[in-house]
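The values are calculated or read from the model by the stated rules, or taken from the named source; none is laboratory data. All of these numbers come straight from a predicted model, not from anything done at the bench. Because the Cβ atoms are built from the backbone with ideal geometry, glycine has one as well, and the counts that use them run over all protein chains shown.
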Amino acid sequence: MKKMTLAQKLKNPATRSKVPTSQLPAKYQQMRALNARLKARNDPEALTAPLTPRTLDQQVQANTNLQFGDSERDLQQRQQQANAVQASIPSWFQDYQAALQHATDQTRGIYGAAAAGQQATTDSTYALDTAAAAQQQQAMQADATLRGATLDPKLAAEAQQAALSRRAAGDNQTKLTLGLGAAQSSYRAGQQTVGATQQLAAQMDQSARTAALGSESKALAAKKGDYATTTRQKLIDSEHTKQLENKAFGLNQQKAASDVALKTATLKSRAKLDAAKLADTKQYHRDTIAIRRGVDPVTGAPLPKSTSPAAKLAAYKLKFLKEHGYLPPTGDPNKKPGLDGITPAERKARNTAVQTLENQRTKAVSDAQLYVQHGLKDPAKLRLALQQDYPSAPPVVIEFAVTAATAKKNGKPTKAGIAYRKHRSDIQKGLVSK
């Protein structure tokens, strides 16, 4: 048969399913992975499948994200906002300083222009005052000459003094305007200095906030790690407990099947024994009737006249006793009472019951200690588990095992131990059967 190429195998779904995943094109690899996920999602056995390292990691990650996802996202948003604020602080204060500088320049220009205007007004007014005073002085001098009088020189001095006073007032106003402008400029410069200090303080404050968020992030990471470790251990312990329970369930099933098989075999053996005894008894009665009639039960021939049927019957009983070891009407001679008033069979039954009780106690104590080692330390739950494992065991055996596995050792007899020893004594005395 001609060997198929990869392209031919991919065309047929029956042959495509046998192609290894590594040899499939990307399209078919994605389809196969999707089908595998859908199959696993719809598989009811996946709910009870044992944990693997991969599924354990997935469960731990899912639980951790559910527990800390919101806190991590909130912390990340606050860190991003803090970083954005930290990065924006220099530009904010640069704009503030530029606005202050612009305001300072405007203030200086406005007050300078106002002072220049005031000074020009003062100069113009002084010039007009001087010119008006000179004209008035000339007119007064001419008038005095016409009248043959003299002009008082105080008048010119007073006019000059008045002009100088008005000029001094104007100069003072100009100086005041310049002083106000200088004060405003100095105030703006002080604001710029304060702004630089405020920028440094804002940066330091925002750095402290960012550092606090970093510490919070580290604390959250540590808490998250502790939670993941604790969750992982809990899942592992739960898986161990489940495996132990499954193992105990399997042992219970095996024990139940073994008990059924043993009981069936015992019933069959007892039925065979009873049938054999019934057949022997019937044969005995038939032979007895034959002897009483004077007929040999083996050969069927008439018995000799010299021997009475009673003698033959006695001889036959003796023969039957030698062959079978007992006479059917009286039963097994081993059932004769001994010195303690019980038959050997009863003594054997009691010893067997005591041995069964001891075996149940030993196994129950071992299983109880194993349950405790795997985390099942609650006495009530431990008692229920042992009752399911040993349904035929007496309650004193279960209590003894629970106490031995959970109680602290102080060297003193426990109530469960005293009850167990009393029960064992009662079995030996025949007060109870098991």
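For the condition modelled with pLDDT under 85 and either loosely packed, with under 12 Cβ neighbours inside 10 Å or among the acidic types (D, E) (or both), what is the one hit in L66, L51?
Numbers: L51 fails: either loosely packed, with under 12 Cβ neighbours inside 10 Å or among the acidic types (D, E) (or both).
The conditions single out L66.
Pairs please, first residue from the range 229-249 and part of a helix (DSSP H, G or I), second anywhere and at pLDDT below 75, Cβ atoms under 6 Å, 6+ apart in sequence or on different chains.
As it stands, the answer is E239/L51, since those pairs meet every condition given.
Using the structure shown, decide if T343 is at pLDDT 70 or above, surrounded by 14 or more Cβ atoms within 10 Å (Cβ to Cβ), hydroxyl-bearing (S, T, Y) and touching a Lys or Arg at 6+ places or on another chain (Cβ under 6 Å). Please lay out each step first, then the result.
Working: at pLDDT 70 or above: yes; surrounded by 14 or more Cβ atoms within 10 Å (Cβ to Cβ): yes; hydroxyl-bearing (S, T, Y): yes; touching a Lys or Arg at 6+ places or on another chain (Cβ under 6 Å): yes.
It is true that T343 is at pLDDT 70 or above, surrounded by 14 or more Cβ atoms within 10 Å (Cβ to Cβ), hydroxyl-bearing (S, T, Y) and touching a Lys or Arg at 6+ places or on another chain (Cβ under 6 Å).
Going through V60, V85 one at a time, which residue ends up being over 30 Å from E239 (Cβ atoms) and either surrounded by 14 or more Cβ atoms within 10 Å (Cβ to Cβ) or touching a helix residue (DSSP H, G or I) at 6+ places or on another chain (Cβ under 7 Å) (or both)?
Exactly one residue qualifies, and that residue is V85.
Is at least one residue of the range 254-272 touching a helix residue (DSSP H, G or I) at 6+ places or on another chain (Cβ under 9 Å), surrounded by 12 or more Cβ atoms within 10 Å (Cβ to Cβ) and either closer than 30 Å to L313 by Cα or charged (D, E, K, R) (or both)?
So far as the range 254-272 goes, yes, one or more of its residues are touching a helix residue (DSSP H, G or I) at 6+ places or on another chain (Cβ under 9 Å), surrounded by 12 or more Cβ atoms within 10 Å (Cβ to Cβ) and either closer than 30 Å to L313 by Cα or charged (D, E, K, R) (or both).
Could you tell me whether S165 is assigned by TED's automatic domain parsing to the domain that holds T121, in a helix (DSSP H, G or I) and touching a residue at least 40 places away in the same chain (Cβ under 8 Å)?
Working: assigned by TED's automatic domain parsing to the domain that holds T121: yes; in a helix (DSSP H, G or I): yes; touching a residue at least 40 places away in the same chain (Cβ under 8 Å): no.
So S165 does not fit the description; no.
Can we say V354 is of a type in the set (A, V, I, L, M, F, W, C) and more than 39 Å from the chain's Cα centre (by Cα)?
yes
Looking at the range 377-402, I want the residues that are within 22 Å of R424 (Cα to Cα) and have a partner that is among the aromatic types (F, W, Y) and surrounded by 20 or more Cβ atoms within 10 Å (Cβ to Cβ) with Cβ atoms under 6 Å, at least 6 apart or on another chain. Which pairs are those?
Filtered contacts from the range 377-402: V396/Y420; F400/Y420.
Taking L235 and the conditions (1) among the aliphatic types (A, V, I, L, M); (2) under 21 Å from D70 (Cα atoms); (3) surrounded by 13 or more Cβ atoms within 10 Å (Cβ to Cβ), which numbered condition does it fall short on, given that it satisfies the others?
Here L235 clears every test but (2).
Since Q119 meets every condition but one in (1) outside any helix (DSSP H, G or I); (2) touching a Ser or Thr at 6+ places or on another chain (Cβ under 6 Å), which condition does it not meet?
(1)
Looking at S88, is it under 31 Å from the mean Cα position of the chain (by Cα), among the polar types (S, T, N, Q) and in a helix (DSSP H, G or I)?
It is false that S88 is under 31 Å from the mean Cα position of the chain (by Cα), among the polar types (S, T, N, Q) and in a helix (DSSP H, G or I).
Of everything in the range 197-215, what is loosely packed, with under 12 Cβ neighbours inside 10 Å and either closer than 30 Å to A113 by Cβ or hydroxyl-bearing (S, T, Y) (or both)? Give them in sequence order.
Correct list: T197, S215.
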